[in-house]
Amino acid sequence: QEVAKLYPSLGDDLDKIFPKKHPVFLMKCLQRVTVVESRGFWWFYRVSDGPLIPTLRCLHKYPNLLPQVTVDKGAIKHVLKGSKIMSPGLTSKGGDITGDMKAGDPVAVMAEGMPVALAVGKLVMSAEEIRETKKGI
């Protein structure tokens, strides 16, 4: 029910992710992370008491669940290695951060020129702050 409230765009696809005949498992992991698993796949995760956030696999199957930001080509290899995304990677040519996203909002991180998500992240600054300052993480 929580997934349906947070992500109403899933609609009928929710029954494909969580079929009624298959069990859904909540796995508690280290550092207060909870993972939602169904049919052998991890679909959502939660850190501490935060909201359920789609996993990268879930975003590849349902790409419009989260607002999207795009990093330029120079940032791709660093993001894949686990680096934090700096504002210049989003505001330079090739990067994109449109919309009215607030600090703390989960986002799908897209790579310039690629159709699928590269990472799942949470904004530290609002989209407006990032566009104005063009500095920081």
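Some notes on this structure:
Residue-wise test of (1) within 21 Å of residue 54 (Cβ to Cβ); (2) among the hydroxyl-bearing types (Ser, Thr, Tyr); (3) modelled with pLDDT of 90 or more.
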residue	(1), (2), (3)
79	yes, no, yes
84	yes, no, yes
92	no, yes, no
108	yes, no, yes
111	yes, no, yes
118	yes, no, yes
132	no, no, no
136	no, no, no
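- Residue 90 being in a helix (DSSP H, G or I) and crowded, with 19+ Cβ neighbours inside 10 Å: yes
- Only listed residue being surrounded by 13 or more Cβ atoms within 10 Å (Cβ to Cβ) and either more than 22 Å from residue 101 (Cα to Cα) or out of contact with any Cys (no Cβ under 7 Å at 6 or more places or on another chain) (or both), chosen from 23, 19, 63: 63
- Single condition residue 75 does not satisfy, out of (1) modelled with pLDDT of 90 or more; (2) crowded, with 18+ Cβ neighbours inside 10 Å; (3) out of contact with any Leu (no Cβ under 6 Å at 6 or more places or on another chain); (4) of a type in the set (A, V, I, L, M, F, W, C): (1)
- The numbered conditions (1) outside any loop (DSSP other than H, G, I, E, B); (2) open to solvent by 20 Å² or more (accessible area, probe 1.4 Å) are all true for residue 99 except (1).
- Residue tally, condition within 15 Å of residue 68 (Cα to Cα) and hydroxyl-bearing (Ser, Thr, Tyr), over region 83-137: 4
- Hey, residue 113 open to solvent by 60 Å² or more (accessible area, probe 1.4 Å) and either in a strand (DSSP E or B) or not charged (D, E, K, R) (or both) or not: yes
The values are calculated or read from the model by the stated rules, or taken from the named source; none is laboratory data. Bear in mind that the values here come from a model prediction, so they are computed numbers and not experimental data. Cβ coordinates were reconstructed from backbone atoms using ideal geometry, including for glycine residues, and neighbour counts include every protein chain displayed. The area values use the complete protein model at the heavy-atom level, side chains included, leaving out ligands, DNA and RNA. Shrake-Rupley method; radii C 1.70, N 1.55, O 1.52, S 1.80 Å.
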